[in-house]
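Just below is one structure, and these are the notes that go with it.
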Amino acid sequence: MPADTRKSEERETLPTAKRVALLSRQDRVFHVILAQQFDRETIDALCKLAEMARNIAETRQGLQFLRSLLSHKRAMLYFIQPSTRTFLSFAAACQILGIAYDEVRNPSVSSEIKGETEDDTVRVLSQYCNLIVMRHPKEGFAEEMAHALDALNMSIPIINGGSGQDQHPTQALLDIYTLHRCFGRAAIERGNLDFTMNRFAGKTIAFVGDLKRGRTVRSLAYLLCRYAGVKMIFIAPPELQIGDDIREYLGRHEVEYEFAEDIAPVIARCDAIYMTRLQDEYDIAGESKKINYARFQLSAELVGKSKPDLAIMHPLPRRAEIDRRLDTDPRAQYFAQVHNGMWMRAAIIAYIFNMDGAIIDHYQMHFTY
Ligand code: CP
């Protein structure tokens, strides 16, 4: 058995706490691979940092300051699964922080076509840059590569921009940031950047659709467990219900949750509804075709029965999950999520390169009176 395969199998059996420790440096997140790496303190800090960076960037001088922070770094965006938002928001985040970046998106024009393994491709990419952001169809590949670069004694963080059906931690962080901006809108608009308060206590978040294969839902469920008093409802056809591992995690963290097969009976209780598309690219034999997914669409009529300040979310891309008439409804948050993602990803990159202190100092000097 090749050493890499053996190590990977050993890691699968490691407890999560050990995996989290291996992905950290001096007790800080270094490689960004799993949502479980983020404790409440770090999530709060990243939301605050994202909000500070977007405020700072409103002026030319502020943007020049941000661009000076990491202008000595280079990044590689290795995205071999399709992406619009994650790729472009990381590219924009690099530009905001002054990081030059390059991209590999199509392995058919790289030397993988000559038989180079993906592992070797990543080791080679690491020779050109200080950061790798990666989207890959194989669960665990980003984590394996993080350890492979560590084994080469390279101090190059890897950020997981989506790993198969498993995790999408930076999407989950931008979703938490979006929910903060919804639930704490008035305070944040007044310039109150206290993200340490639990705005999720007593809130009900519903997830709808393909919850079994939707990595964004899985990562967000992990992060929501950091907020005492939150409740989750998983609305899905039985074949696509959320996995046993997430149920076990919620149970262990004493988080209240329930299941439903229709939106209508529960929507009036929801503070946020998180729609998802059918992940049929992961079908083995066209099994999605047997599912009536039309039951898992959000209509304007259903939203008419909801709370007046419901947050309507979707990681996008969408198909028919959300009625287009809702796009101009102030409750629709899915395009705001896209914008928030750019600032959250800038915050994550600044954090892993220890530039959070410089952003906080700049903000305090220019925005607090
Ligand atoms: N939400 C999301 O991950 O979108 P992309 O697939 O376009 O990156």
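Just so it is clear, none of the values below were taken in a lab; they were calculated from the coordinates. What you are looking at is a predicted structure, and each value in this text was computed from that prediction instead of being measured. FYI the Cβ positions are ideal-geometry reconstructions off the backbone, even for glycines, and counts take in every protein chain you see.
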Take the residues in region 315-348 that are touching a strand residue (DSSP E or B) at 6+ places or on another chain (Cβ under 7 Å) and outside any loop (DSSP other than H, G, I, E, B), then tell me which one is nearest to Leu174 (Cα to Cα).
Gln337
Looking at Asn198 and the list (1) in contact with a strand residue (DSSP E or B) (Cβ under 7 Å, 6 or more places away or on another chain); (2) surrounded by fewer than 18 Cβ atoms within 10 Å (Cβ to Cβ), which single condition is not satisfied?
(1)
Which numbered condition trips up Ala201, out of (1) away from the ligand (no atom under 16 Å from the Cβ); (2) out of contact with any Gly (no Cβ under 9 Å at 6 or more places or on another chain); (3) of a type outside the set (Ser, Thr, Tyr); (4) not in a strand (DSSP E or B)?
(2)
Pairs, first under 16 Å from Ala350 (Cα atoms) in region 153-172, second among the hydrophobic types (A, V, I, L, M, F, W, C) and assigned to a loop (DSSP other than H, G, I, E, B), C-beta under 6 Å, six or more apart:
Pro157/Phe30; Asn160/Ile33
Scan of region 26-41 for residues that are within 16 Å of the ligand (Cβ to nearest atom) and either touching a His at 6+ places or on another chain (Cβ under 9 Å) or free of Cβ contacts under 8 Å to residues at least 40 places away in the same chain (or both), ordered by number:
Ala35
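So which of Tyr78, Tyr128, Tyr101 ends up being surrounded by 20 or more Cβ atoms within 10 Å (Cβ to Cβ) and of a type in the set (Ser, Thr, Tyr)? Outline the logic, then answer.
On the way: Tyr128 fails: surrounded by 20 or more Cβ atoms within 10 Å (Cβ to Cβ); Tyr101 fails: surrounded by 20 or more Cβ atoms within 10 Å (Cβ to Cβ).
After applying the criteria, what remains is Tyr78.
Taking Gly214, is it crowded, with 20+ Cβ neighbours inside 10 Å, at positive phi and not β-branched (Val, Ile, Thr)? Spell out the reasoning first.
On the way: crowded, with 20+ Cβ neighbours inside 10 Å: yes; at positive phi: no; not β-branched (Val, Ile, Thr): yes.
No.
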